[in-house]
Each structure stands twice: as C-alpha cells, then as structure tokens.
Amino acid sequence: MAGQGCPFEKRFPSELVRDDAYFMWLAYNLAVDAWRADEVPVGAVIAMDGVVIGAAHNQTISLRDPTAHAELLAVTQAAEALGDWRLSGAALYVTKEPCPMCAGAAVMARIARVVFAMGDPKMGCCGGAVALHAVATFNHHPIVTGGVLEDECRQLMQSFFQLKRGGEAGDREAAWN
Ligand SMILES: [Zn+2]
C-alpha cells in the first residue's frame with residue numbers, strides 16, 4: 001500500500017553535465033524507487049570516470065537482510081563491474097549520510113569520494129556522529145562531501161516517515177536508525 005503513496009516524481013537531469021548534482025539526482029530517483037517498493041527511501045549510485053557502475057536502493061525489508069543498504073548493494077555491483085574489489089577512483093553518491101556499516105565499506109573498498117545529501121547526526125559515520133573516513137590509523141581516507149541536494153533528499157525521507165508514522169513506520173524508523 002505504501003508503494004502507491006509516494007508523492008514524489010523522479011527527476012531527469014541533463015546528461016551533459018555529469019556533476020555531483022547529476023549523480024545525486026540518479027540516487028534520488030532510486031530512493032523514489034525504494035519508497036515505491038515500500039522500503040525506506042535511500043538510493044545510492046557509484047560512478048567511475050562519469051559512468052555509473054553501481055546503482056541500488058535500500059532493500060533491507062524485502063531481502064530480510066540488515067546489510068542490504070543501498071550503498072552496500074551498489075558497492076557489490078561496482079566491484080563486479082570492475083572485476084576488482086578495489087573501487088579506487090570511484091565516487092559513491094547516496095541520499096543520506098552512510099551508517100557505520102556503509103561508511104566502513106567505503107573505506108574497505110578504497111572508494112575515493114563519498115558524496116551524500118542529508119547528514120545524519122545520530123548514525124552518520126562521515127562526520128555526523130563519527131568520522132570513520134578520517135580515522136588516522138586507517139589505511140584509506142575517502143574524501144567526503146555533504147549537502148548535495150540536501151533539501152530534496154531530506155524532504156523525501158521526512159515525508160516518508162511522516163506519512164507512515166503511527167503504523168509500522170515506527171518499527172521501520174527504529175530498524176533504520
Ligand atoms: Zn548503511
């Protein structure tokens with residue numbers, strides 16, 4: 001039922017300018033897909049040299065898998081596309097600041113850049129709650145950029161929980177956070 005209730009449309013940015021906003025719009029569209037699939041609306045895209053090599057949305061509910069976050073699913077796709085576990089030179093775009101698990105994956109995968117939209121002061125690990133990307137002893141330090149399409153992605157996430165609050169959404173929010 002919730003999938004029918006997504007009031008947000010996908011956006012189609014110009015492909016001529018493949019900047020951070022362009023890739024974040026692609027992630028945003030995946031977040032819309034997540035909502036339509038009755039999942040918490042988070043989307044992630046991995047780009048290398050301007051080409052998308054991974055794209056996924058959150059699927060924790062449908063896959064009954066707590067690791068099925070958008071970022072991790074996209075990382076797996078990207079590694080398969082490159083035929084290498086190292087995603088050196090790749091950029092991860094995600095609509096919400098990565099959690100401990102996903103920020104950790106960005107470090108382990110040697111992802112060059114992490115770009116997120118809305119920050120998460122509770123669970124975000126790219127500077128929100130913790131800065132995993134900047135731990136001095138780690139052998140890799142992704143460059144982090146926050147706030148790209150922040151308002152749009154925040155509105156999507158907040159609307160999702162507002163529309164569903166009071167029902168099963170409470171459990172989902174708890175599961176997400
Ligand atoms: Zn995560």
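Just a few scattered comments:
- Among the candidates ILE61, ILE53, ILE46, residue that is among the hydrophobic types (A, V, I, L, M, F, W, C), crowded, with 16+ Cβ neighbours inside 10 Å and farther than 15 Å from VAL94 by Cα: ILE61
- Some residue of region 91-114 being within 15 Å of the chain's Cα centre (by Cα) and either hydroxyl-bearing (Ser, Thr, Tyr) or at pLDDT below 95 (or both): yes
- Tally of residues being within 19 Å of VAL130 (Cα to Cα) and in a loop (DSSP other than H, G, I, E, B) across region 77-108: 3
- Against the test of being within 16 Å of the ligand (Cβ to nearest atom) and not in a strand (DSSP E or B), the options ALA74, ALA117 yield a single qualifying residue, ALA74.
- Test: residue in region 150-167 that is at pLDDT 95 or above, aliphatic (A, V, I, L, M) and in a loop (DSSP other than H, G, I, E, B): no
- Residues being part of a helix (DSSP H, G or I), away from the ligand (no atom under 15 Å from the Cβ) and within 22 Å of LYS10 (Cα to Cα) are represented in region 35-42 by at least one member.
- Answer residue from region 77-97, given it is acidic (Asp, Glu) and surrounded by fewer than 24 Cβ atoms within 10 Å (Cβ to Cβ) and is farthest from the ligand (Cβ to nearest atom) among those: ASP84
The values are calculated or read from the model by the stated rules, or taken from the named source; none is laboratory data. This structure is a prediction, so every number in the text was calculated from the model and none was measured. Heads up, the Cβs are rebuilt from the backbone with ideal geometry, glycines too, and the neighbour counts pull from every protein chain shown.
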